[in-house]
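Have a look at the structure below before the remarks.
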Amino acid sequence: MGGSEQAYVKEAFDTNWIAPLGPNVNGFESAIANYLGNGVHVGALSSGTAAIHLGLEILGVSPGDEVICQSFTFSGSANPIAYLGATPVFVDSEANTWNICPKMLEEAIVDRIQNHRKPKAIIAVHLYGMPYDVDGVNAVAQKYDIPVLEDSAEALGSTYKGQNCGSLAEISILSFNGNKIITTSGGGALVAKNHEHVAKAIHLSTQARDEAPHYQHSKIGYNYRMSNVLAGIGRGQMEVLDQRVASRRANHEHYLNALGGLDGIEFLLEPPNVTSNRWLSCILTPSFEVREKLRLAMQEEMIESRPLWKPMHMQPVFKDCPKYTNGTSEELFYRGLCLPSGSNLTQADLDRVVAIIKKTY
Ligand SMILES: *Cc1c(COP(=O)(O)O)cnc(C)c1O
């Protein structure tokens with residue numbers, strides 16, 4: 001925590017705003033909107049997954065539709081497609097960002113249109129904080145007139161050509177889950193330049209209650225609004241977001257300087273005009289066997305590291321979904337490792353990790 005979170009939470013208690021609305025929710029939303037710029041509006045929600053669910057519904061996704069989704073991601077990106085009775089169509093990554101490949105995206109769209117149906121939306125993800133090729137994805141999306149949902153759950157504080165991730169698509173989402181770069185313990189947000197999208201999200205997130213003195217509903221709604229208590233944590237966290245980004249970037253720099261010279265160890269470098277918040281620091285090893293050797297050596301020392309995300313097209317639950325793959329994300333999954341990446345790691349912690357990797361490698 002940064003320091004002022006408890007004061008905002010105390011304010012919620014002192015003023016008795018213990019509810020899914022109140023001054024902290026409003027204050028958190030405007031802090032995010034100010035940070036992101038680009039004239040965006042923000043609706044604070046109970047999770048990033050909830051934000052994707054509402055975002056897809058607002059983009060018109062309904063039962064029987066298809067939605068294209070980056071395969072290399074966390075399941076929270078794809079599950080809401082299934083909530084809506086739609087089918088995910090998974091598309092593989094490009095090697096230089098690890099995110100959805102614009103060329104394969106176009107191949108997938110052309111094939112879906114010719115042989116099936118036109119996809120309703122595209123979910124692109126800034127995985128580990130590294131921005132996807134926004135211009136490349138947008139060009140394809142515009143050519144076929146399909147809206148993009150920007151999954152920026154891992155990328156608050158990253159930038160693409162000087163603009164903030166989380167403000168780069170028709171609808172963007174953020175997550176404030178406990179593992180993210182800033183957190184409200186659990187939480188998320190839907191972000192859009194179009195004020196109506198955010199108004200709709202807030203309406204749907206509060207059980208879609210119509211304007212009336214009694215409780216009246218013309219639509220199925222959800223209970224997805226953010227608590228005013230948790231939004232207090234979020235207000236405090238926004239004050240230290242830049243520090244968190246600096247810490248995470250320093251972790252990555254430390255690993256890169258110490259391990260970048262090892263033959264066969266690769267890092268994901270920033271393309272021109274792009275900055276990553278370096279939410280997690282990741283390396284690619286030469287093989288699955290080496291990856292496991294490093295992971296287990298660290299585990300011996302009570303240091304947790306993890307394989308990269310297992311692609312969605314390899315998940316048992318999505319095994320029957322259409323997919324357009326070329327082996328890139330599978331290779332990343334087998335050979336990649338997320339190193340300890342917390343904002344509170346000390347130089348001694350980082351040196352310990354580096355020493356174990358060097359010795360084992
Ligand atoms: C965390 C995460 C989500 C979901 O966010 P929650 O707040 O945990 O529901 C979605 N997509 C990605 C890429 C994530 O990392």
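The residue of the range 135-158 that is farthest from the ligand (Cβ to nearest atom), among those that are under 19 Å from Asn273 (Cβ atoms) and surrounded by fewer than 22 Cβ atoms within 10 Å (Cβ to Cβ), is Ala139. Is it true that some residue in the range 177-195 is under 27 Å from Leu127 (Cβ atoms), touching a helix residue (DSSP H, G or I) at 6+ places or on another chain (Cβ under 8 Å), more than 16 Å from the ligand (Cβ to nearest atom) and modelled with pLDDT of 95 or more? Among the residues of the range 177-195, at least one is under 27 Å from Leu127 (Cβ atoms), touching a helix residue (DSSP H, G or I) at 6+ places or on another chain (Cβ under 8 Å), more than 16 Å from the ligand (Cβ to nearest atom) and modelled with pLDDT of 95 or more, which makes the answer yes.
Residues that are surrounded by 15 or more Cβ atoms within 10 Å (Cβ to Cβ) and more than 16 Å from the ligand (Cβ to nearest atom) within the range 108-133 comprise Ala108, Ile109, Arg112, Pro119, Lys120, Asp133, listed in sequence order. Looking across the range 169-210 at every residue that is assigned to a loop (DSSP other than H, G, I, E, B) and of a type in the set (D, E, K, R), the one that is farthest from the chain's Cα centre (by Cα) is identified as Asp210. When each of Gly261, Gly187 is tested for being surrounded by fewer than 18 Cβ atoms within 10 Å (Cβ to Cβ) and over 22 Å from Val134 (Cβ atoms), the lone residue that passes is Gly261.
Being over 12 Å from Asn277 (Cβ atoms), of a type outside the set (Gly, Ala, Ser) and in contact (Cβ under 8 Å) with a residue 12 or more places away in the chain: is that true of Asn164 here? So Asn164 does not fit the description; no.
Residues considered: Ala78, Ala44, Ala82. Of these, the only one that is within 16 Å of the ligand (Cβ to nearest atom) and under 15 Å from Leu204 (Cα atoms) is Ala44. Scanning the range 269-284 for any residue that is modelled with pLDDT of 95 or more, in a strand (DSSP E or B) and among the charged types (D, E, K, R) turns up nothing.
Condition check for Leu84 on (1) at pLDDT 95 or above; (2) touching a Pro at 6+ places or on another chain (Cβ under 9 Å); (3) farther than 18 Å from Thr49 by Cβ; (4) of a type outside the set (Ser, Thr, Tyr): one failure, at (3).
The values are calculated or read from the model by the stated rules, or taken from the named source; none is laboratory data. Because the structure is a prediction, the values reported are computed rather than measured. Cβ coordinates were reconstructed from backbone atoms using ideal geometry, including for glycine residues, and neighbour counts include every protein chain displayed.
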